[in-house]
1. Binning every alpha carbon pair distance of the stretch 98-147 at 5 Å from zero, what are the percents per bin?
2. Please list the radius of gyration and Dmax for the stretch 250-296, considering alpha-carbon atoms only, with Å as the unit.
3. Please label the shape of the stretch 93-188 as rounded, prolate or oblate, based on the square roots a ≥ b ≥ c of the eigenvalues of the alpha-carbon gyration tensor (a/c under 1.5 means rounded; beyond that, a/b larger than b/c means prolate, else oblate).
4. About the Cα centre, and with charges only on the beta carbon of Lys, Arg (+1) and Asp, Glu (-1), how big is the dipole of the chain? Nearest 20 debye, please.
5. Quick one: angle between helix 165-174 and the longest Cα principal axis of the chain, in degrees between 0 and 90, rounded to 10, please.
6. Positive end of the charge dipole of the chain (Lys, Arg +1 and Asp, Glu -1 on Cβ, about the Cα centre): tell me which of V132, L118, W68 has its Cα farthest that way.
7. If each Cα of the chain is one equal point scatterer, what is log10 of I(q)/I(0) from the Debye formula at q = 0.08, 0.15 Å⁻¹?
8. For the stretch 1-140, taking Cα atoms only, what is the radius of gyration to one decimal and the Dmax to the nearest whole Å?
Amino acid sequence: MRIGMNGSSLLVRPDIDAITTDIVTAEAEGFSSYWLAQTGLADALGVLAAAGPATNVMELGTAVVPTWTQHPVALAASALTTQALTHGRLSLGIGLSHQPAVEHRWHMTWEKPIRHLLDYLDVLQPLLAGEVVQHRGEVWSLTNDGPLPRPTGEPPKVMLAALGEQSLRVAGRRTDGTILWCVGPRTIESHIAPRIREAAAGADRPDPAIVCSIPCWVTDEPEQARAVIGKLLAGYAELPSYRAMLDIEGVHGLAELSLVGSEDQVREGLAAVAKAGATDFTGVVMGRDAEETARTRALLAAVAAGR
């Protein structure tokens with residue numbers, strides 16, 4: 001299992017120079033990938049594009065860009081530009097977001113989400129591949145008579161935030177894998193991995209990537225750390241798609257699911273995630289102070305290096 005970093009927490013106060021520095025540092029520390037969510041008004045693809053020329057081998061990914069807020073043509077343009085600036089190292093993670101956000105934040109209609117997703121891919125993926133698109137969908141459409149000018153001929157990987165059975169089947173059949181949140185080893189082994197791999201095999205596609213991302217916190221005071229996580233990230237347990245995954249795992253929320261404790265305890269948690277079938281783990285590094293944050297990061301870097 002490859003070990004990467006999820007730096008999305010830095011977008012709470014988005015400082016592009018600081019995030020770029022963190023990405024460069026993560027590559028120097030030996031992490032295989034670095035992922036950013038699309039949150040607020042900092043453009044995740046734009047930030048990764050800024051880091052591209054300063055890095056060399058690290059995979060750079062979005063985890064994830066919501067599909068409802070932009071036409072797939074706009075996303076394809078941003079993704080191909082970032083792919084060019086990262087010299088072919090982009091993984092474009094997309095997702096449906098959640099019904100409360102779609103209806104109450106963006107004031108859009110949440111209906112036929114899987115149809116929405118299929119239409120989106122029917123426009124996005126041919127565009128990324130440089131193909132002609134002649135698609136009239138229920139939600140998303142595009143008709144272009146010929147390939148459009150593009151900054152690179154190499155399409156990025158496309159990943160899907162997939163948790164439910166239908167979206168996992170779409171991810172396996174149509175994309176390079178899934179990016180997970182609020183999902184632990186029991187759920188990966190019993191629910192995620194079997195369904196997405198079966199779908200990929202049925203479509204004669206390679207084994208999909210399964211990217212697990214949850215908070216990590218190396219500390220001598222695990223009870224206090226879990227209390228902080230429980231308070232800070234409580235809202236995720238109220239979203240139906242995450243609630244379903246946490247119920248499979250048999251936990252209430254991220255306080256129980258997160259990898260918290262000594263170096264050995266966090267190592268054991270990582271080993272369980274790998275055994276369950278995850279191909280990648282991208283840690284959200286947490287700590288009460290700079291010392292704990294450094295301990296957590298050092299532990300993940302050691303595991304990434306096989307130590």
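1. Bins of 5 Å from zero give 5, 21, 22, 19, 14, 11, 7, 1 percent of pairs.
2. 11.5, 32
3. oblate
4. 500 debye
5. 60 degrees
6. Ranked along the dipole, the leading option is V132.
7. -0.34, -1.26
8. 15.8, 46
Throughout, read-outs are computed from the coordinates displayed, never taken from laboratory work. Keep in mind it's a predicted model, so treat the numbers as computed, not measured. No Cβ is skipped: glycine too gets one built from the backbone with ideal geometry, and neighbour counts run over all protein chains shown.
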